[in-house]
Amino acid sequence: MLHSQKHVFWQALLVTIVIFSLGILMGFILENWRTSKVDQLFKKSEIDLLDARVQNEIYTGKNFDCSLAINENIKFADRIYNEAKTLDRYETASRLSDEIYLEHKKYDILRVLLLLNSMKIKEKCNSTYHEVVYFYNFNEQDINKKAKQNVYSNQLREIKEYKGDKMLLIPIAGNINVSSINLLLDVYDIKESDLPVIVIDGKIKVMDIKKLEDLKKYFE
Amino acid sequence: MIYVRNRNNFFEYPRTNKNYSVSFVVPAYNEGKSIRETVEHIFDIGYGNIREVIVVNDCSKDNTQEVVESLMKKYPKLKLINNKKNLGSAAASQNAGLKEAKGELIAIVDGDSFPAKLSINKMAGFFDDPKVGAVTCPVLARNKNKFWEKIQGIEYQAISFARKLLEYVDAIYVTPGPLALYRKTTLDEIGGFDESNMTQDIEATWHLAHNGWDRKMCLGTHVTSIVPNKIKPWWRQRRRWNIGGLQCIYKYRKFIGKKGMLGFFIIPFFMINMFLGLFGLGVFFYVLTRNIISKFLYTNYSIQAGTPLLTLSEFYITPSFLNYLGIVLFVAGLIYILAILSILKEKIMTKENILNIPFYLILYLILYPFIMINSIYYYYKGKWVWR
């Protein structure tokens, strides 16, 4: 006759715990691998920006090479804009660890630095390129605002493709509790509840959906 | 783990020298098309001590009665009980048959089911153990021509395999109607089948577990049964099973955490199954609704803004940890089903199975929670009838 094998429940529980733990561990490894990839990109960008700022400091007065500084700045902005897209994809797929969120914060501070650098260059060189800061909500849960943000992103991408080097696009998350970003929001008189907001050349604030053609007019 | 440990005796069954007398009880309602074959299968089963075969006709509207009467000339041990009025459930007909049955063992056979040859010979040996109250065997799909029937064929195999595994932990929770063998005294002890329950076979098995009787599964034989060939009758059948399950949970709720495996495993297993199904469906609907509203808003804003609805940059693959988990779960399910079919000697690598098995795993099983919601509604409204 067969004997009951109820002890298999405990064994199965142990095996389940082991498999589950392995799964979670693999998940952490996957996400950490992505984070370290983003971190590498960040470090490179951070060095480049610091390099650009130091260059600006060195080229003072009449030695300041405006066209070079502007080009470097826009190139750099384009690169971190593209890196932001990778970061965004990883953030969407991130489930276990908040490391990627910290990377995001670091990137946003880097973007503020870039903006400050750009402001300085514009002032010095009396440059005509457009400086667009796109303040949005990180990890937006409100589906209405999220849809609005997606449309803003599409519009800005289209305009960027159209304007190329004539536009510096800096997306910054406005709700990640970073003091410098909060200060910046204060400067532009934007509340967190107003987000998403597009600020063009530090003067024009776009807070509602506009036709793409109408938006393009700001860049004429 | 259970299978690996017991793979050498998985299909074994105890032989017996005892010659138990067996009474067959066959409830029948409108089984004119199948009852002849069912009766012939029973008499052709190869068991030496059939006491009687009792067909209980529940006022069928078709020719069930005539068919059985014509068979009585050929089989003297065949008896026909015609219920005076329609009792409305298989349980009531089974109880009517039980009153007349004289055998030491009672074989319940549905009017559209066909026990395999020597099935009783293989199942009867389990009763040498005085603790055994009921023995069941794999129920296989009789009709496997249409797509929906083939899918159920896979499901029935999976259920049979799982039931055998449950035997090793004293957790068999149903001895299904197509063929179940009971000790007569056991059925008498529990007062026969619960006529108010939509799944009297589940209820009887829980009752046996409650009273401390062992239930066994004989993989050495099988019974085939006609499965619904369309979605509507299939849905109705499953709804009846679910309502029966809910009735059982309600009836035995006070035994959660008591009465051995009934309270520690069977009832919680049923409840967790239902909860997980409903929870999963809830999450699914939440995500779906959110996505639809989100897409609607996005489309609206995009039209308003004059931007394209789809751009190439939106097409990318960055799977999350949960996506990988889903793939692992699917592959594990696939391996499980393939292993079952292989162990149960089913031809696996047929052209049909390449489509059928993924369909079973992805779409067929997803329907379960929907049926559960429908069943809960019917249960709550008290809208349940056996037929």
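Odds and ends about this structure:
- Theoretical FRET efficiency, 1/(1+(r/R0)^6), r = Cβ-Cβ of A:LYS75 and B:LEU334, R0 45 Å, to 0.05: 0.35
- Using a cutoff of 8 angstrom between alpha carbon atoms and counting only pairs six or more residues apart, the relative contact order for chain A works out to 21 percent.
- Dimensions (Å) - chain B, Cα atoms, principal axes, largest first: 84, 48, 47
- Ignoring aspartates and glutamates fewer than eight residues from A:LYS6 along the same chain, the ones with Cα atoms less than 18 angstrom from its Cα are B:GLU167, B:ASP170, B:ASP214.
- The A:CYS125 and A:THR86 beta-carbon pair, evaluated with R₀ = 25 Å, returns a calculated FRET efficiency of approximately 0.20.
- Each residue of region B:29-42 was assigned a 3J(HN,Hα) from its phi angle through the Karplus curve 6.51 cos²θ - 1.76 cosθ + 1.60 (θ = phi - 60°); the sequence is 9, 6, 10, x, 6, 10, 5, 4, 5, 4, 5, 4, 4, 5 Hz, with glycine and proline shown as x.
- Share of Cα-Cα pairs in chain A lying beyond 30 Å, as whole percent: 34
- Euclidean distance between Cα centres, region B:86-152 to region B:211-290, Å: 19
- Between 0 and 90°, nearest 10: helix B:200-210 axis offset from chain B longest Cα axis: 80
- Per-bin percent of Cα-Cα distances, region A:128-220 [10 Å]: 16, 52, 29, 2
- Helix-only arithmetic for chain B: the sum of -39500 (n - 2.57) across DSSP H runs with n ≥ 4, divided by the residue total, places the mean residue ellipticity at 222 nm at -16000 deg cm²/dmol.
- Residues of region A:121-149 with an amide N closer than 14 Å to a point placed 7 Å from the Cα of B:ARG290 along the Cα-to-Cβ direction: A:139-147.
- The Stokes-Einstein estimate for region B:2-231, based on a Kirkwood radius over Cα pairs and taken at 25 °C with 0.890 mPa s viscosity, is a diffusion coefficient of 139 µm²/s.
- Phi angles across region B:5-14 convert, under the Karplus curve 6.51 cos²θ - 1.76 cosθ + 1.60 with θ = phi - 60°, into 3J(HN,Hα) values of 5, 10, 4, 6, 10, 4, 9, 6, 8, x Hz, Gly and Pro given as x.
- DSSP beta bridge pairing in the protein assembly as shown, given as percent antiparallel to the nearest 5: 35
- Taking other Cβ atoms within 10 Å as a rough exposure proxy, B:ARG51, B:ARG215 sort from fewest to most as B:ARG51, B:ARG215.
- Calculated FRET efficiency for the pair B:SER196/A:VAL8, C-beta based, R₀ 41 Å, to 0.05: 0.70
- Dipole of chain B computed with +1 at Lys/Arg Cβ and -1 at Asp/Glu Cβ about the Cα centre; of B:ALA101, B:ILE172, B:ILE371, farthest Cα towards the positive end is B:ILE371.
- Residue with peak Gaussian network fluctuation, chain B [Cα springs, cutoff 10 Å], from B:ASN300, B:ASN86, B:ASN242: B:ASN300
- Inter-label distance for B:LYS345 and A:SER36, nm, one decimal - labels placed 7 Å from Cα along Cα-to-Cβ: 5.3
- Working note: Cα atoms of region A:110-179, range along each principal axis, descending, whole Å: 42, 32, 13.
- Taking the C-alpha atoms only, the angle from helix B:64-74 to the longest principal axis of chain B is near 40 degrees.
- Once both labels are positioned 7 Å from their Cα atoms along Cα-to-Cβ, the gap between A:TYR218 and B:PHE269 label points is 6.3 nm.
- Eligible aspartates and glutamates near A:LYS124 by straight Cα distance, threshold 20 Å, same-chain separation 8 or greater: A:ASP51, A:GLU57, A:ASP65, A:GLU72, A:ASP165, A:ASP201
- Modelled label positions at B:ASN8 and B:THR299, each set 7 Å beyond Cα in the direction of Cβ, lie 6.4 nm from each other.
- Residue-wise HN-Hα coupling along region A:150-157, computed from phi with Karplus coefficients 6.51, -1.76, 1.60 (Hz; x: Gly, Pro): 4, 5, 4, 4, 4, 4, 5, 5
- Angle between chain B longest axis and helix B:321-343 axis [Cα atoms, degrees, rounded to 10]: 30
- The orientation-averaged shadow of the Cα convex hull for the protein assembly as shown, equal to a quarter of the hull surface, comes to 34.6 nm².
Coordinate-derived values only; no laboratory data. Predicted, not measured: the structure shown is a model, and the values here were computed from it. Neighbour counts are summed over all protein chains in view; Cβ atoms, including those assigned to glycine, are modelled from backbone coordinates with ideal geometry.
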